[in-house]
Amino acid sequence: MELNQKIILITGASSGIGKDTAIAMAQRGARVILCARSEDKLQQVAATIQQKGGFALPVPLDVTQRAAVEDAVNTVLARFGRIDILVNNAGIGYFGTLVDMPLEAMEKVMAVNFWGVIHCTQAVLPAMIRQKSGQIINVASVAGKRGIPGLAIYCASKFALVGLTESLRAEVADHGIQVILICPTSTDTPFFENAGTDGKIPNKSRGLGMMSSKAVAEAIVEASIKGKREVVLSTSAKALLVMNTLFPGLVDWGMRKVLQRR
Ligand SMILES: NC(=O)c1ccc[n+]([C@@H]2O[C@H](COP(=O)([O-])OP(=O)(O)OC[C@H]3O[C@@H](n4cnc5c(N)ncnc54)[C@H](OP(=O)(O)O)[C@@H]3O)[C@@H](O)[C@H]2O)c1
């Protein structure tokens, strides 16, 4: 898909991967609608884009609030007449073992990472079906492909997102809508410091090396332009998933070592 002049709504655009994706898409001429809760940060991202001659519109939004999501999407549709691409990127983490994970923390993770995606997707889909075109880009995680100890509810939310993505892809293909899955590995963003923790499992990356959020953003842009179905980022993450398919017991053993190292 050519991004020039496309109307692109990006959630979680105030920070990290969403912010850099908005900047990268705006650099290709897209008109980006920036959504997140922090209005001040959205204004800063918009200013960065506008200073370079791009178009950005901050729309403060909590994706867990279904009515607010519907209002925001309707406002965008009233102004621009269409939404070409929805990037479901807003997400949060929680580090802790399941045995005593607080219900409230688990509900919060699912509210943003899973229900937030459903609210945004259901709000946008009718317009895309009318347009007979569109792209929905879901930012999941390698943790949506392989369970990681100390991240159970986060993994569950991302596994759910992977299943949702695969189901939706087939449901909307005949309407000319592409559904793209992005699975980043550990990425250098405020995600870890923003994540909740039970105090026993530190909210730090113990992953396969850190990627930059700019590199993830470029991969999202490339996936959008080329209409890729799925992108797993980093060679080591791809190797882990192959190992997990071929030797799941061995990877289980390795994951126990990961937990012990935490
Ligand atoms: N960093 C990693 O290692 C990594 C790895 C794999 C996948 N991912 C995924 O990548 C996505 C982006 O994460 P990131 O690393 O860029 O983290 P980040 O820097 O913490 O950004 C998260 C974004 O989500 C927004 N957000 C959180 N709760 C929200 C809510 N209720 N409503 C609307 N927006 C909300 C935040 O903005 P406000 O606080 O202003 O609302 C922020 O813009 C997430 O889905 C994450 O799961 C990250």
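Centre-to-centre, using Cα atoms only, the stretch 219-262 and the stretch 3-53 are separated by 28 Å. Using the alpha-carbon atoms, what tilt in degrees (0 to 90, nearest 10) does helix 16-27 show relative to the longest principal axis of the chain? Roughly 30 degrees, rounded to the nearest 10. Rounded to the nearest 10 degrees, the inclination of helix 116-131 to the longest alpha-carbon principal axis of the chain is 40 degrees. Counting neighbouring beta carbons within 10 Å and listing from fewest to most, the residues 141, 133 come out as 133, 141. Helix 235-246 and the longest principal axis of the Cα set of the chain meet at an angle near 60°.
Our helix-only sum for the chain, with -39,500 (n - 2.57) per DSSP H run of n ≥ 4 divided by its residues, gives a mean residue ellipticity at 222 nm of -15500 deg cm²/dmol. How high is the FRET efficiency between residue 258 and residue 51 when r is their beta carbon distance and R₀ equals 35 Å, given to the nearest 0.05? Computed FRET efficiency for residue 258 and residue 51 comes out at 0.25.
The ranking of 119, 175 from fewest to most other beta carbons within 10 Å of each one's beta carbon is 175, 119. Here the stretch 7-235 has an Rg and Dmax of 16.6, 51 Å, counting Cα atoms alone.
Values quoted throughout were computed directly from the atomic coordinates according to the rules given, and no laboratory measurement underlies them. These figures come from a predicted structure and were not determined experimentally. Glycine gets a Cβ as well: all are built from the backbone with ideal geometry, and neighbour counts include every protein chain shown.
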